[in-house]
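Below is one structure, written out as structure tokens; comments come after it.
The values are calculated or read from the model by the stated rules, or taken from the named source; none is laboratory data. All figures in this text were calculated on a predicted structure; none of them were measured in a lab. Ideal geometry is used to build each Cβ from the backbone, glycine not excepted, and the neighbour counts take in all protein chains shown. Only protein heavy atoms, including side chains, enter the accessible area calculation; ligands, DNA and RNA are left aside. Shrake-Rupley method; radii C 1.70, N 1.55, O 1.52, S 1.80 Å.
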Amino acid sequence: MTALARRGTVPHRGFEAALHDGRWIWITETVCADGRMLFHACDVTSLRSDSRILRDERDAARRASWTDPLTGMPNRRYLMDRLEAWLQAQRALPDFGAHSIAVLDLDHFKQLNDFYGHAIGDAVLVSFCHRVVEHIRTIDLFGRIGGEEFLLFLPNCPVDAALTRLEALQAVIAEGPTHALQTGITYTFSAGVAGFAPGEDLHETIRRADRLLFRAKTEGRARVRG
């Protein structure tokens with residue numbers, strides 16, 4: 001799930017993969033501006049195993065620092081790092097484009113946690129993440145920024161289109177729980193959506209989305225505002 005959430009979110013990355021026959025492959029992934037991805041694979045089995053172990057341990061520590069331990073999703077640190085890097089690259093292009101960012105918050109989560117217990121509350125968070133990742137594009141970036149609050153970055157997606165997509169996601173969530181949550185408990189979320197401005201600070205864009213989320217909450221919850 002974490003790999004799906006991160007796929008295509010950086011211009012270039014490299015990683016190792018183990019094949020069933022024991023060989024190791026080094027894969028590079030390059031993301032083009034139009035969303036296409038170019039993959040190149042190289043057999044690195046001949047590398048010393050102890051070097052590979054050290055790299056694996058280093059990579060595991062790095063993943064842990066970027067990952068929310070409960071949901072397995074990217075955490076705030078990873079999201080901010082990737083978005084800052086994306087913004088820097090995007091501003092160097094002649095056409096900045098239309099992109100959106102959304103802040104999502106589960107409705108009445110504290111009451112659900114208090115009534116059913118933290119185990120069910122955790123299952124709701126995991127269930128929600130599964131549903132979102134299943135219904136977003138590979139170039140989108142989704143993660144948990146704290147508590148029951150999440151961030152969704154939608155590149156090449158103007159605000160009107162982002163609102164439509166989030167409303168469709170609300171309909172999916174309303175169908176009921178799946179995966180880790182099989183108790184029949186239903187839940188909803190509210191969201192605020194802001195468009196990126198070429199010269200605007202990332203944190204101000206997120207603050208605008210957060211203010212729109214607050215508006216959605218005060219107007220009755222289970223709605224999206226942009």
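Figures for the structure shown
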quantity	calculated
Candidate set from the stretch 139-168 (those that are touching a Phe, Trp or Tyr at 6+ places or on another chain (Cβ under 8 Å) and not in a strand (DSSP E or B)); member that is most open to solvent (accessible area, probe 1.4 Å)	GLU148
ARG55 being at pLDDT below 75, surrounded by fewer than 18 Cβ atoms within 10 Å (Cβ to Cβ) and more than 30 Å from PHE189 (Cβ to Cβ)	yes
Condition broken by ILE136, with the remaining ones in (1) assigned to a loop (DSSP other than H, G, I, E, B); (2) open to solvent by less than 50 Å² (accessible area, probe 1.4 Å); (3) more than 18 Å from ALA194 (Cβ to Cβ) satisfied	(3)
Odd one out for ALA197 among (1) small (Gly, Ala, Ser); (2) open to solvent by 20 Å² or more (accessible area, probe 1.4 Å); (3) modelled with pLDDT of 95 or more; (4) within 20 Å of LEU79 (Cβ to Cβ)	(3)
In the stretch 100-115, residue nearest to ILE139 (Cα to Cα) [restricted to those that are hydrophobic (A, V, I, L, M, F, W, C) and not in a helix (DSSP H, G or I)]	ILE101
Residue ID - most open to solvent (accessible area, probe 1.4 Å), chosen from residues in the stretch 58-88 that are at pLDDT 90 or above and small (Gly, Ala, Ser)	ALA85
Subset of the stretch 195-226 (residues that are over 29 Å from GLN88 (Cα atoms) and not in a helix (DSSP H, G or I))	GLU219, GLY220, ARG221, ALA222, ARG223
Flag if PHE189 is open to solvent by less than 10 Å² (accessible area, probe 1.4 Å), within 15 Å of the chain's Cα centre (by Cα), modelled with pLDDT of 90 or more and among the hydrophobic types (A, V, I, L, M, F, W, C)	no
